[in-house]
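Readers should treat all values here as calculations from the given coordinates under stated rules, not as data from a laboratory. Worth saying up front: this structure is predicted, and the values here are computed from it rather than measured.
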Amino acid sequence: MEEIEAVNLGNSETVKETRITIHLSPSEKEEYIRFLKEYEDIFAWSYDDMTWLSTFIVAPKLPTKPMCPPVKQKLRKFKPDMSLKIKEEITKQIKAKVLRVVEYPTWLANIVSVPKKVGKVKVCVNY
């Protein structure tokens, strides 16, 4: 049983979907949605909304030992539908400059995809 419901704070053209609990009375729900709409500009609805995010702060650093050689993982294959969702998510992150393309042929880790309940995919990139 779902304990949440989807609410669109935008319009039919610009979807700004969030989820709220189903345990609110109708008046509380209306007041809560009004409050969220009033402050909708503080939420990041897409990667493009996070232009203020400095890659200097969030860029990972790997302290590695020079005497330990890097290990290349065996390439993992994904189902075709999952592969398309992963590609879409990675493309969004590259366009928003959250990720950048690098090539380390000897130091490689597979992408980890986590399917979400709403049909989307959360992508975890390991370095």
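Points to keep in mind about this one:
- Each residue of the range 11-23 was assigned a 3J(HN,Hα) from its phi angle through the Karplus expression (A = 6.51, B = -1.76, C = 1.60, θ = phi - 60°), giving 10, 5, 7, 10, 7, 10, 8, 9, 10, 10, 5, 8, 8 Hz with x at Gly and Pro.
- Here the 3J(HN,Hα) profile of the range 80-93, calculated from phi with Karplus coefficients 6.51, -1.76 and 1.60 at θ = phi - 60°, is x, 5, 5, 4, 5, 5, 5, 4, 4, 5, 5, 4, 4, 5 Hz, Gly and Pro shown as x.
- For the range 28-45, 3J(HN,Hα) computed residue by residue from phi via the Karplus equation (6.51, -1.76, 1.60; θ = phi - 60°) reads 5, 4, 4, 5, 5, 5, 4, 4, 5, 5, 5, 10, 5, 6, 8, 8, 8, 8 Hz, glycine and proline entered as x.
- In this structure, the amide hydrogen of residue 121, modeled 1.01 Å from its nitrogen in the peptide plane, lies closer than 5 angstrom to those of 116, counting only residues at least 5 positions away or on a different chain.
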